[in-house]
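Scroll down for the structure; my scribbles are underneath it.
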Amino acid sequence: MNMDLQYISTRGHAQRVTASEAIVKGIAPDGGLYVPETIPVFTLSMDAMAKLSYQDLAYEVLKLFLTDFTEDELRACISGAYGQGFDDPSVAPVVEAGGAYFLELFHGRTLAFKDMALSILPHLMMTAAKKIGLNSEICILTATSGDTGKAALAGFADVPGTRIIVFYPEGGVSEVQRLQMVTQEGENTCVVGVRGNFDDTQTGVKQIFTDAAYAAELAEKGIVLSSANSINIGRLVPQIVYYFYAYGQLVQRGAIAAGEDINFVVPTGNFGNILAGYYAKKMGLPVKELLCASNANRVLHDFFTSSVYNKNREFILTSSPSMDILVSSNLERLLYHLGGDGAEIKRLMTSLNTEGVYTFNATASGIVSEFSDEAETSAALADMYKAGYVMDTHTAVACKAWQKRGDTSTKTVIVSTASPYKFGASVCGAITGKDYSAISPDALFAEVERLSGVKTPDAIADIAHKPIRHKTVCEKDDMKTIVQNILK
């Protein structure tokens, strides 16, 4: 293994840290995000890679980034993550429909792509804590737009030496997403609704992380804060794996030749998912085009087409709530990799916080963009249903973005980020033209099952009948007080 890969802050903090330190810290002391000093090269041939199981491929990717982990440690983390928690033996199958390929990342226990990374993060974090000699309790502090919260709760529930606090925007997630979180079991779990949008919750969490005085206060009590959001490099790196795995599946079935370019279309909110695809491309995966698909909030689409990032706009609640984000945290990492030095990134992020806007030319990224409004998203759901495939609303945003750009000359993989069961009212409404807003979860699941032909997943079959365990709701300015009360 290359033992030299270190991690640095996007905002110029000079201290280099190991992968283990970066995973446990979650965010750099200067508020920046940890990035590898260099993006490693994937040296296996595409033919050889295509023959690997998901677990073995995960090892080949992770060993390049987590260089202070031993092979035994990495394989134990991988084995603990990608096993019985997935309802498909391939973990992340690729399905062909409507002229494209859909990479289904929702076969984990919370029915969303966040399971792909949050199944392994607890294993990585506890291993890393031992490696650096950390004896403190780790408090996972996370903001969610709907899916990260449940996946993190499921991963860290009752893990010894940890507590997890999840903040979500009250009224800004689907009913299934909400129920998944507020019914979460585990003595170390806490879920709090915030009267605000996702950007409010994400800002509040970042402010707590960068409060040095509070960190010192917690340290005296034997507590350290860490994150399960994609600001944590331990969340981001495992997502690289499924881009290679999708490519390998297409090679295995003869859809492409080894070495042939393909496109990926990624529904994008906080920019972590597509950034993992960017890393995969930089590592050597034959990717012609990464298409960043935005919903009606379109902040990323406007950035990639104008070089101006501007969050000063109406916040729109859409049928794809996990993408209802105006501040895409992981974009900071891309700007750094495109040549922005620490001082410049700090200046840009300060401008974003104070003025709500900055300018940066990201054309060198090779990432292209498109957006889908609500009507177009509904149309894509109906069209794909006629083609024999039922997808969720976020995947529909990506599908319509692909249809609008019209690149049919290159095989395209649409990254499918959630099960249609998580957004059943919107999915069924788009397909049938009926209003499902007042229907019970059980009746809605039956309707999704009827339309899709896919049995209601065990993970949510009885969710409407579970007791509500988490009832706290707070104002956005009271998030730190809530954390203080929980950690007393």
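The values are calculated or read from the model by the stated rules, or taken from the named source; none is laboratory data. This structure is a prediction, so every number in the text was calculated from the model and none was measured. All Cβ positions, even for glycine, are placed from backbone atoms using ideal geometry, and neighbour counts span all protein chains on display.
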Condition check for Asn361: free of Cβ contacts under 8 Å to residues at least 24 places away in the same chain, surrounded by fewer than 21 Cβ atoms within 10 Å (Cβ to Cβ) and not basic (Lys, Arg): no
Residue match in segment 419-426 (condition: within 29 Å of Leu275 (Cβ to Cβ) and outside any helix (DSSP H, G or I)): yes
Boolean, Thr408 is more than 28 Å from Gln184 (Cα to Cα), part of a loop (DSSP other than H, G, I, E, B), more than 23 Å from the chain's Cα centre (by Cα) and of a type outside the set (A, V, I, L, M, F, W, C): yes
Strands (runs of 3 or more DSSP E) within segment 199-294 that include 1 or more residues within 13 Å of Val413 (Cβ to Cβ) and not hydroxyl-bearing (Ser, Thr, Tyr): 262-267, 287-294
Top-ranked residue in segment 441-488 [being small (Gly, Ala, Ser) and touching a Pro at 6+ places or on another chain (Cβ under 8 Å); ranked as nearest to Leu153 (Cα to Cα)]: Ala464
Scan of segment 1-31 for residues that are of a type in the set (S, T, N, Q) and either part of a loop (DSSP other than H, G, I, E, B) or within 15 Å of Ala128 (Cβ to Cβ) (or both), ordered by number: Asn2, Gln6, Thr10, Gln15, Thr18, Ser20
Where Met283 falls short, out of the listed (1) closer than 23 Å to Thr144 by Cβ; (2) surrounded by 16 or more Cβ atoms within 10 Å (Cβ to Cβ): (1)
Selected residue (only one of Gly171, Gly149 is within 21 Å of the chain's Cα centre (by Cα) and surrounded by 22 or more Cβ atoms within 10 Å (Cβ to Cβ)): Gly149
Single residue of Ala396, Ala382, Ala401 found to be touching a residue at least 60 places away in the same chain (Cβ under 8 Å) and farther than 23 Å from Arg313 by Cα: Ala396
Top-ranked residue in segment 16-36 [being under 22 Å from the mean Cα position of the chain (by Cα) and of a type outside the set (A, V, I, L, M, F, W, C); ranked as farthest from Asn353 (Cα to Cα)]: Ser20
Test: residue in segment 416-425 that is surrounded by 24 or more Cβ atoms within 10 Å (Cβ to Cβ), within 23 Å of Ile262 (Cα to Cα) and aliphatic (A, V, I, L, M): yes
Residues located in segment 17-52, provided they are surrounded by 14 or more Cβ atoms within 10 Å (Cβ to Cβ) and out of contact with any helix residue (DSSP H, G or I) (no Cβ under 9 Å at 6 or more places or on another chain): Lys25
Test: residue in segment 241-250 that is out of contact with any Leu (no Cβ under 9 Å at 6 or more places or on another chain), surrounded by fewer than 20 Cβ atoms within 10 Å (Cβ to Cβ), closer than 30 Å to Glu96 by Cβ and not basic (Lys, Arg): no
Which numbered condition Asn270 fails, given (1) under 22 Å from Glu104 (Cα atoms); (2) in contact with a helix residue (DSSP H, G or I) (Cβ under 6 Å, 6 or more places away or on another chain): (2)
Hey, Thr203 buried (at least 20 other Cβ atoms within 10 Å of the Cβ) and either at pLDDT 95 or above or within 28 Å of His394 (Cβ to Cβ) (or both) or not: no
Residues being part of a loop (DSSP other than H, G, I, E, B) and either within 27 Å of Lys346 (Cβ to Cβ) or not charged (D, E, K, R) (or both) - total across segment 296-323: 13
